[in-house]
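The values are calculated or read from the model by the stated rules, or taken from the named source; none is laboratory data. Here the structure is a predicted model, which is why all the values come from computation and not from measurement. Note that each Cβ is placed from the backbone with ideal geometry, even for glycine, and that neighbours are counted across all protein chains shown. The area values use the complete protein model at the heavy-atom level, side chains included, leaving out ligands, DNA and RNA. Shrake-Rupley method; radii C 1.70, N 1.55, O 1.52, S 1.80 Å.
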Amino acid sequence: MRKQSILITGGTGSFGQAFVARIIRQFPKVQRLVVFSRDELKQFEMAQTFPEAKHRFLRFFIGDIRDRKRLRRALEGIDTVVHAAALKQVPAAEYNPMEFIHTKVLGAENLIEASVDAGVKKVIANPSNNIYVSAVSFWEISLKYSLNKLELNGVLPNQFPSLSIIVTGK
């Protein structure tokens, strides 16, 4: 981990904050840890918890995984991505199903393509944030399902041979 540059999408969410705290605690000499999130208030609050003077390797990058160009910029020089960006609130999903599709499906596609373009070596998907709600369950859309299906059908290994994609919780 010493020479690793890591980016976490959804870095200000509950998983992201716990992940950042653990990396800081267990690997204080990591080269760079980038928190990628669209929530500038939570980024500010995290920066207060983990001040730059003490954690010079920690960077905060405002962005949304639905924005491929911004994501590509954030991935410059990154070795490993931990993908934890998600929309999780059931009532919001039922009322705004397309926003969930844009984040969970198109966002995952953006992440994979931007990671390949940027030379990222490994993407770790955290599907623990998956939900199935009536508005989107028809399409059975979840990051875990999508990535597992693509991996099992040989799409990911064939299209992106240089990228290692790991789906946790298989």
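Mind checking which residues of region 35-50 are open to solvent by 50 Å² or more (accessible area, probe 1.4 Å) and closer than 16 Å to residue 70 by Cβ?
Taking region 35-50 first, the residues open to solvent by 50 Å² or more (accessible area, probe 1.4 Å) are 38-42, 44-45, 48-49.
Once the filter is applied, which keeps residues that are open to solvent by 50 Å² or more (accessible area, probe 1.4 Å) and closer than 16 Å to residue 70 by Cβ, region 35-50 yields 38, 39, 40.
With the requirement that a residue be surrounded by fewer than 17 Cβ atoms within 10 Å (Cβ to Cβ) and of a type in the set (A, V, I, L, M), what does region 1-29 give you?
Once the filter is applied, which keeps residues that are surrounded by fewer than 17 Cβ atoms within 10 Å (Cβ to Cβ) and of a type in the set (A, V, I, L, M), region 1-29 yields 1, 18, 21.
Sort out which residues of region 11-34 are of a type in the set (Val, Ile, Thr), touching a Phe, Trp or Tyr at 6+ places or on another chain (Cβ under 9 Å) and more than 20 Å from residue 65 (Cα to Cα), and write them in order of number. Quick ask: steps written out before the conclusion?
Here is the first cut: in region 11-34, the residues of a type in the set (Val, Ile, Thr) are 12, 20, 23-24, 30, 34.
Restricting the remaining residues to those that are touching a Phe, Trp or Tyr at 6+ places or on another chain (Cβ under 9 Å) gives 12, 20, 24, 30, 34.
24, 30, listed by residue number.
Would you mind stating whether residue 11 is under 15 Å from the mean Cα position of the chain (by Cα), part of a loop (DSSP other than H, G, I, E, B), at negative phi and small (Gly, Ala, Ser)?
Numbers: under 15 Å from the mean Cα position of the chain (by Cα): yes; part of a loop (DSSP other than H, G, I, E, B): yes; at negative phi: yes; small (Gly, Ala, Ser): yes.
Yes: the conditions hold for residue 11.
How do the strands (runs of 3 or more DSSP E) wholly within region 23-110 filter down when requiring 3 or more residues that are closer than 16 Å to residue 13 by Cα and in contact (Cβ under 8 Å) with a residue 60 or more places away in the chain: which remain? Steps first, answer last, please.
Values: elements: 32-37, 58-62, 80-83.
Strands (runs of 3 or more DSSP E) meeting the threshold: 80-83.
Please verify whether region 67-85 includes one or more residues that are farther than 22 Å from residue 108 by Cβ and at pLDDT below 95. Give the derivation first.
Residues of region 67-85 that are farther than 22 Å from residue 108 by Cβ, as a first pass: none.
The answer is no; no qualifying residue exists.
Looking at 59, 72, 32, which one is within 13 Å of the chain's Cα centre (by Cα), of a type in the set (Lys, Arg) and surrounded by 15 or more Cβ atoms within 10 Å (Cβ to Cβ)? Let's see the steps before the verdict.
Numbers: 59 fails: within 13 Å of the chain's Cα centre (by Cα); 32 fails: within 13 Å of the chain's Cα centre (by Cα).
From the options 59, 72, 32, the qualifying one is 72.
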